[in-house]
Amino acid sequence: MARRSRPVLAGLGPIPLDRGAEGPLYQQLYKALRQAILDGRMKPGARMLATRVAAQEWAVSRNTVVTAYEQLLTEGYVTGRVGAGTYVATALPDPPPIGSADGTGGTRGVSLSRRGAALATPFHPCTPAKRPFSLGIPDPEGFPFALWSKLLAQPWRVGGRSLAVSADPLGYPPLRAVIADYLRAMRAVRCEPEQVVILSGAQQALALMAQLLLDPGDPVWMEDPGWPGTRSALAGAGARIVPVPVDGEGIDVAEGERRAPDARMALVTPSHQFPLGVTMSLRRRAALLDWAVARDAWIVEDDYDSEFRYAGPPLAALQGLDEAGRVLYIGSFSKVMFPTLRLGYLVVPPDLVDAVCAGRRHFDGGTSVVPQAALHRFIAEEHFASHLRAMRALYAERRDALLDALRRHIEPVTRIDGGEAGLHVVAHLDERHRDVEVAARAARLGLSCPPLSGYYAEPTAANGLVLGFAAHPAETLAAAVRGLAGVFAASP
């Protein structure tokens, strides 16, 4: 008897999936589908297989297919509506670079190194900023761009020729000085201007520290759940990532010591853990510092969203408790001001300053000096403090509007975490709804609701949605919550 031919997916035959490869399986499926769309093997307007049928076709979980479809949807390769199916987009986004085999930047016929392959893997789907609930996106409408344009012009009028010829690889000295003053006063950070390094943002700071302080194979603690970009920076340095659980007190130091007592580094977000929003307790901070001293290890403190705290007094940084010079402190202006500013800072112990300076010269020579000069004036003339106060009040109103709408309209939300600080909350769901499937259906309505489970490196029972609130006014957030409520109402 002749065998039945296997079903095809919008003109695409079976996809080989390597279950032994590093990284999540959904990324392999996503890349294969995207390449088939770009190659024209999956025609514009063609209907995709239903997620259940596709899961059977490739012997993977439905969640794997849903997550792959969601990434295609958020990047504009497919379109869809709840209950109407998913289709290949008729107008595709910009194609990957010429010569790219899979959209990661690698060239056909060229083998990447293991670290190169890790860096070439997209660590997070690109989400349009205009989508409600988008994460980490401040509201640009509140920024004083007219003032900023004047500040950008001033350096050229005052000292343009000197700025055009040479620059300190560690950053514009006056800016480093005002940042040191700000951190001492507002975050209780122990630092002098000479310890402050200006970079393009937190991601570059992570990558630089990983390259300078880690050898391939070195074990590194990483919070689980955590930001995928941190994992990318570590993988690019060849580190062995050790996921360490996070509970209500922050990273579980005892569990980290059990899993990898000889780790060379721990990356933490103690003031506002991403994505859970918890604050590391004083007991855990002391234990982490004791471990670092005993093991001659480094702690990288990403002071994520520390400027936006809505309840209680400001929290002191972990670095301020460090008397042994084991903490590297990272901060960024991208969320406080606007994302394309691309300016952040790194505070290093005095013994590391020369090594970091040499590393900056080796990698990129330093950061463009003109926006640094403008930022110096913006801080020194107290425009920064004024802007921060205004945006904190605005975001508090939007947070309140989102929390109120969630409590009134979405009955499956069992608990909401993270609202005391930052630009997002976590809405935990009851067991009737799986976050990956809810997120995929919400994406078809133009809502960006990353599933909480997607931020875990290890299998988890966590089930929730991570919802940003900063980029949209209260009425838009309320309407988006009503749309999300419709997603739950339409669930099987």
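The values are calculated or read from the model by the stated rules, or taken from the named source; none is laboratory data. Just so it is clear, the structure is predicted and the values come from calculations on it, not from any experiment. Here the Cβ is made from the backbone with ideal geometry for all residues, glycine too, and neighbour counts use every protein chain on show.
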Just for the stretch 34-77: of the residues that are of a type in the set (Ser, Thr, Tyr) and not in a helix (DSSP H, G or I), which one is surrounded by the most Cβ atoms within 10 Å (Cβ to Cβ)?
Tyr77
Filter the stretch 385-413 down to residues that are among the hydrophobic types (A, V, I, L, M, F, W, C), without any contact (Cβ under 8 Å) to a residue 24 or more places away in the chain and not in a strand (DSSP E or B) and give me whichever is nearest to Ala471 (Cα to Cα).
Ala393
Does the stretch 146-163 include one or more residues that are at negative phi and in a loop (DSSP other than H, G, I, E, B)?
no
Take the residues in the stretch 308-325 that are crowded, with 22+ Cβ neighbours inside 10 Å and either in contact with a Pro (Cβ under 7 Å, 6 or more places away or on another chain) or not aliphatic (A, V, I, L, M) (or both), then tell me which one is nearest to Gly250 (Cα to Cα).
Leu318
Qualifying positions in the stretch 205-264 - among the basic types (Lys, Arg), surrounded by fewer than 20 Cβ atoms within 10 Å (Cβ to Cβ) and modelled with pLDDT under 95:
Arg240
If you go through Leu341, Leu375, the only one that is assigned by TED's automatic domain parsing to the domain that holds Asp302, within 19 Å of the chain's Cα centre (by Cα) and among the hydrophobic types (A, V, I, L, M, F, W, C) is Leu341
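Taking Arg157 as the residue in question, decide whether it is farther than 30 Å from Asp354 by Cβ and modelled with pLDDT under 90.
Details: farther than 30 Å from Asp354 by Cβ: yes; modelled with pLDDT under 90: yes.
Considered against the rule, which asks whether it is farther than 30 Å from Asp354 by Cβ and modelled with pLDDT under 90, Arg157 comes out as yes.
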Given (1) out of contact with any Phe, Trp or Tyr (no Cβ under 7 Å at 6 or more places or on another chain); (2) crowded, with 20+ Cβ neighbours inside 10 Å; (3) not in a loop (DSSP other than H, G, I, E, B), identify the lone condition not met by Leu276.
(3)
Just to be sure I understand, how many residues within the stretch 355-378 are more than 23 Å from Ala207 (Cα to Cα), surrounded by 20 or more Cβ atoms within 10 Å (Cβ to Cβ) and of a type outside the set (Phe, Trp, Tyr)?
5
What pairs can you find where one residue is in the stretch 165-189 and farther than 23 Å from Tyr304 by Cβ and not assigned by TED's automatic domain parsing to the domain that holds Ala205, the other is of a type outside the set (Val, Ile, Thr) and at pLDDT below 95, and their Cβ atoms are less than 6 Å apart, with a gap of 6+ or different chains?
none
Considering only the stretch 437-472, state which residues are surrounded by fewer than 19 Cβ atoms within 10 Å (Cβ to Cβ), of a type in the set (Ser, Thr, Tyr) and either touching a helix residue (DSSP H, G or I) at 6+ places or on another chain (Cβ under 8 Å) or in a helix (DSSP H, G or I) (or both).
Thr460
Could you check Ile416 against (1) in contact with a Leu (Cβ under 8 Å, 6 or more places away or on another chain); (2) in contact (Cβ under 8 Å) with a residue 24 or more places away in the chain; (3) outside any loop (DSSP other than H, G, I, E, B) and say which number it fails?
(2)
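What residue, of Val481, Val487, Val426, is at pLDDT 95 or above, more than 30 Å from Pro243 (Cα to Cα) and of a type in the set (Val, Ile, Thr)?
It is Val481.
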Filtering the stretch 421-436 down to residues that are acidic (Asp, Glu) and part of a helix (DSSP H, G or I) yields Asp435
Is one or more of the residues making up the stretch 177-197 at pLDDT 95 or above, under 22 Å from the mean Cα position of the chain (by Cα) and at negative phi?
yes
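For Ile379, indicate whether it is in a strand (DSSP E or B) and either in contact (Cβ under 8 Å) with a residue 60 or more places away in the chain or among the basic types (Lys, Arg) (or both). Quick ask: steps written out before the conclusion?
Numbers: in a strand (DSSP E or B): no; either in contact (Cβ under 8 Å) with a residue 60 or more places away in the chain or among the basic types (Lys, Arg) (or both): yes.
It is false that Ile379 is in a strand (DSSP E or B) and either in contact (Cβ under 8 Å) with a residue 60 or more places away in the chain or among the basic types (Lys, Arg) (or both).
Residues in the stretch 473-492 that are part of a loop (DSSP other than H, G, I, E, B) and hydrophobic (A, V, I, L, M, F, W, C): how many?
Of the stretch 473-492, the ones part of a loop (DSSP other than H, G, I, E, B) are 473, 490-492.
Checking the rest, the ones that are also hydrophobic (A, V, I, L, M, F, W, C) come to 490.
Going through the stretch 473-492 one residue at a time, the tally reaches 1.
Yes/no per residue for (1) part of a helix (DSSP H, G or I); (2) free of Cβ contacts under 8 Å to residues at least 40 places away in the same chain; (3) not hydroxyl-bearing (Ser, Thr, Tyr):
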site	(1), (2), (3)
Met280	no, yes, yes
Ala287	yes, yes, yes
Asp290	yes, yes, yes
Val300	no, no, yes
Tyr304	no, no, no
Gly312	no, no, yes
Ala316	no, no, yes
Ala324	no, yes, yes
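Quick check on my filter: what residues within the stretch 78-101 are closer than 16 Å to Gln35 by Cβ and either at pLDDT 80 or above or crowded, with 19+ Cβ neighbours inside 10 Å (or both)? Outline the logic, then answer.
Here is the first cut: in the stretch 78-101, the ones closer than 16 Å to Gln35 by Cβ are 78, 88-89, 92-101.
The answer is Val78, Val88, Ala89.
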